[in-house]
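Notes for the one structure printed next.
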Ligand code: SF4
């Protein structure tokens, strides 16, 4: 067990936060880390509690937030919460399946230059829909990817390789032809429904970037280092202020424990902005996308506010 003295100073400023505002989703993806699906409700945090949490994050130094779920756009107060975050001058990304975006949302995305992130699995509609569990999701997501590009919004697409019949390269080529510039590919993680694809211990499932100035608040108020590190709860905003949690001994001890485990990985490369070995494909000015091949993409070490 680490003492407070031993863990002091290991926790960087939390400059990036995921706002996991709902566990519900229209889709039912095979690998979903959150085990999302329709009908799970929107958690214990109400509108005012979310506003309080966002204000507290901003006050303690958070500059970047990502709305995520579940599917964040189906939360009944999604637009109001996005507007509130924008009013606090937070940089906003929305991680959405792009299945159903309203005209009000498109207006907000454009007005506040919201970054969009989405998942896409293959250029084969039938396989994509088998992965999401919903027929027609491929065509809806693809149509809205084109709308994002038409509106000139920043977009990154995440692909998760989980089946032998997924032609990732063909799908990347198709997206690139459409104009998508940022495409990340990751493996399935043994978290949530992903455990049905892969059994692994809770630390092996983590890419290793989750201790670099990040935190997530879930729809029930729990706080973790990362959306994937759900075995290591740091606190709950229904019981403590977020600043207390982020600066507390549990956060420090968990961060130290994870850093020690990551450093012991045989292929560990704790890169930073001064690293001469950086992958040229890695844009350190990008947002944290938890791509294990691109660890400088962290807001703690780099300056993602500098646009390309
Ligand atoms: S779209 Fe995302 S949140 Fe929804 S089920 Fe799929 S992986 Fe989970």
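Is it true that some residue in the stretch 218-238 is modelled with pLDDT of 95 or more, over 19 Å from residue 69 (Cα atoms) and surrounded by fewer than 19 Cβ atoms within 10 Å (Cβ to Cβ)? No, the stretch 218-238 has no match at all. Across the stretch 189-216, the number of residues qualifying as within 16 Å of the ligand (Cβ to nearest atom) and over 21 Å from residue 266 (Cβ atoms) comes to 8. Among the criteria (1) within 9 Å of the ligand (Cβ to nearest atom); (2) on the phi < 0 side of the Ramachandran plot; (3) touching a helix residue (DSSP H, G or I) at 6+ places or on another chain (Cβ under 7 Å), the one residue 104 does not fulfil is (1).
Entry remark, the stretch 55-80: residues being more than 16 Å from the ligand (Cβ to nearest atom) and either surrounded by fewer than 21 Cβ atoms within 10 Å (Cβ to Cβ) or under 16 Å from the mean Cα position of the chain (by Cα) (or both) number 14 in total. Against the test of being over 30 Å from residue 49 (Cβ atoms) and touching a residue at least 24 places away in the same chain (Cβ under 8 Å), the options 243, 263, 171, 209 yield a single qualifying residue, 171. Would you check if residue 81 is free of Cβ contacts under 8 Å to residues at least 40 places away in the same chain and more than 30 Å from residue 197 (Cβ to Cβ)? In short, no.
Quick check on the stretch 7-17. Is at least one of its residues free of Cβ contacts under 8 Å to residues at least 40 places away in the same chain, in contact with a helix residue (DSSP H, G or I) (Cβ under 6 Å, 6 or more places away or on another chain) and either within 16 Å of the ligand (Cβ to nearest atom) or outside any loop (DSSP other than H, G, I, E, B) (or both)? No, the stretch 7-17 has no match at all. Looking across the stretch 19-47 at every residue that is more than 10 Å from the ligand (Cβ to nearest atom) and not in a loop (DSSP other than H, G, I, E, B), the one that is surrounded by the fewest Cβ atoms within 10 Å (Cβ to Cβ) is identified as 47.
Please state which one of 157, 191, 180 is within 17 Å of residue 132 (Cβ to Cβ) and under 20 Å from the mean Cα position of the chain (by Cα).
On the way: 191 fails: within 17 Å of residue 132 (Cβ to Cβ); 180 fails: within 17 Å of residue 132 (Cβ to Cβ).
Result: 157 is the single residue among 157, 191, 180 that is within 17 Å of residue 132 (Cβ to Cβ) and under 20 Å from the mean Cα position of the chain (by Cα).
So which residues in the stretch 107-134 are within 16 Å of the ligand (Cβ to nearest atom) and within 20 Å of the chain's Cα centre (by Cα)? Those that are within 16 Å of the ligand (Cβ to nearest atom) and within 20 Å of the chain's Cα centre (by Cα): 116, 117, 118, 119, 120, 121, 131, 132.
The one condition from (1) touching a helix residue (DSSP H, G or I) at 6+ places or on another chain (Cβ under 9 Å); (2) crowded, with 21+ Cβ neighbours inside 10 Å that residue 93 does not meet is (1). Do the conditions hold for residue 248, that is, is it within 23 Å of residue 73 (Cα to Cα), out of contact with any helix residue (DSSP H, G or I) (no Cβ under 8 Å at 6 or more places or on another chain) and surrounded by fewer than 20 Cβ atoms within 10 Å (Cβ to Cβ)? Against the criterion (within 23 Å of residue 73 (Cα to Cα), out of contact with any helix residue (DSSP H, G or I) (no Cβ under 8 Å at 6 or more places or on another chain) and surrounded by fewer than 20 Cβ atoms within 10 Å (Cβ to Cβ)), residue 248 does not qualify.
Give me a count of the residues in the stretch 81-101 that are more than 16 Å from the ligand (Cβ to nearest atom) and within 18 Å of residue 37 (Cα to Cα). The number of residues fulfilling the criteria is 0. Every condition in (1) under 16 Å from residue 74 (Cβ atoms); (2) assigned to a helix (DSSP H, G or I) is met by residue 118 except one, and the failing one is (2).
The values are calculated or read from the model by the stated rules, or taken from the named source; none is laboratory data. Bear in mind that the values here come from a model prediction, so they are computed numbers and not experimental data. Positions of Cβ are backbone-derived with ideal geometry, glycine not excepted, and every protein chain shown enters the neighbour counts.
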